[in-house]
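Encoded as structure tokens, the structure appears first; notes follow it.
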Amino acid sequence: MAREQRNGTPGGSELGRFLRARRARIGPAEAGLPEGLGLRRTPGLRREELATLAGVSIDYYTRLERGRETNPSPSVVDALAAALRLDGDERDHLRDLAARAARSAPEPSKAPGPAVPPGVGLLLESMRPYPAHVVSRTMELLAWNPGGLGLLAGLEDWPPGRCNIVRYVFLHPTARVLFDDWENQIRGCVARLRTLAGLDPDAAGLTGLVDELLLKSPDFARLWEQYDVKGNTTGRKTFHHPRVGDVTFEYQAMELEGARGHRMVAYHAEPGTPEYDVMLRLDAGADAGAESEAGAGAETPQGAP
């Protein structure tokens, strides 16, 4: 599937696609404008309304949205962000897209390096019984300790080349029941992929994963079109696990320096609490084949689960 189709609309630029998506989500009343007369054919603000709010000409904004203007000034970008009422993550993404559009040629995507440094495997092992795993920028599962895999019930049944967190939450039958806030979970996953697609559309493995999910999951296609870019790095998750029951864990996600955007996600609980006891059960009950796999690169996904 062509990249333009994957990213939501034919033609234009990623900057333009993001502006269109955000424009469609804010109505005149929300922006402080009168509703006006006449039937609106599309949701959200009209181009001329947004241009007026941002203090730019309609012609300039139209060219910007259609990808014919590629060098908006920082003041224009900030004015558009304010008019669209973007939050911090969305504002940062708009600035990044504007900077990328201003470059004469896109920066080449870096070739993927080793899955994870060997020392990360030692860290994962030392963290037991706290569940932890490492994911790539496209959320391929690269390394884990027993609880880090066992927490994602049923994922151990997939071959290594299929083990991707985004694929899991959308396509594995257990995932929809496992996560108490499944809708929020899938939104966060799509937001991470959307951010990556905007800034590095040639990232290894991204095209195949997005095309597969657009084809197989209407929920993914719906959220992909909305173009959210906000993701969580800390918080709480409640699981309805088929083996250890209902439990809520705190979690923390962190970037691994020098590892090309790889992240470690770790869950934690105070020793002596019921949550910690569940972690002990997850760790002890993991299959023998679920031992830490640090350093083993994810294979190219093939076929359907």
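The values are calculated or read from the model by the stated rules, or taken from the named source; none is laboratory data. Note that this is a predicted model, so its numbers are computed, not measured. Using ideal geometry, Cβ is built from the backbone for each residue, glycine included, and neighbour counts are taken over all protein chains shown. Just so you know, the surface numbers come from the protein's heavy atoms only, side chains and all, with ligands and any DNA or RNA stripped out. Shrake-Rupley method; radii C 1.70, N 1.55, O 1.52, S 1.80 Å.
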TODO: Report, to the nearest whole %, how much of the accessible area of the range 134-242 belongs to carbon and sulfur atoms, 1.4 Å probe, protein only.
DONE: 55 percent
Task: Amide H contacts of ASN164 (H built 1.01 Å from N, under 5 Å, at least 5 apart or other chain) - done: LEU141
- [ ] Starting from the range 231-261, pick out the GluC sites (Glu not before Pro) whose DSSP state is loop and whose Cβ has at most 16 other Cβ atoms within 10 Å.
- [x] GLU257
Task: In nm, spacing of pseudo-spin labels at ASN184 and MET254 (7 Å Cα→C-beta vector) - done: 2.3 nm
Task: Loop-resident sites, the range 38-81, for trypsin sites (Lys or Arg not before Pro), counting at most 15 other Cβ within 10 Å (DSSP) - done: ARG40, ARG41, ARG66, ARG68
TODO: Quote the FRET efficiency, to the nearest 0.05, computed for ASP59 versus ALA24 with a Förster distance R0 of 22 Å and r equal to the Cβ-Cβ distance.
DONE: 0.60
Open item on the list: With the cut-off at 1.5 for a/c, could you classify the range 97-222 from its C-alpha gyration tensor as rounded, prolate or oblate?
Closed with: oblate
TODO: Would you mind getting me the FRET efficiency between ARG41 and ARG176? Use the beta-carbon distance for r and R0 = 30 Å, nearest 0.05.
DONE: 0.30
Open item on the list: I need the trypsin sites (Lys or Arg not before Pro) found in the range 199-256, filtered to DSSP loop residues with at most 13 other beta carbons within 10 Å of theirs.
Closed with: ARG243
- [ ] Could you calculate the FRET efficiency of ARG68 with GLU48 from 1/(1 + (r/R0)^6), where r is the beta carbon distance between them and R0 is 25 Å, rounded to 0.05?
- [x] 0.90
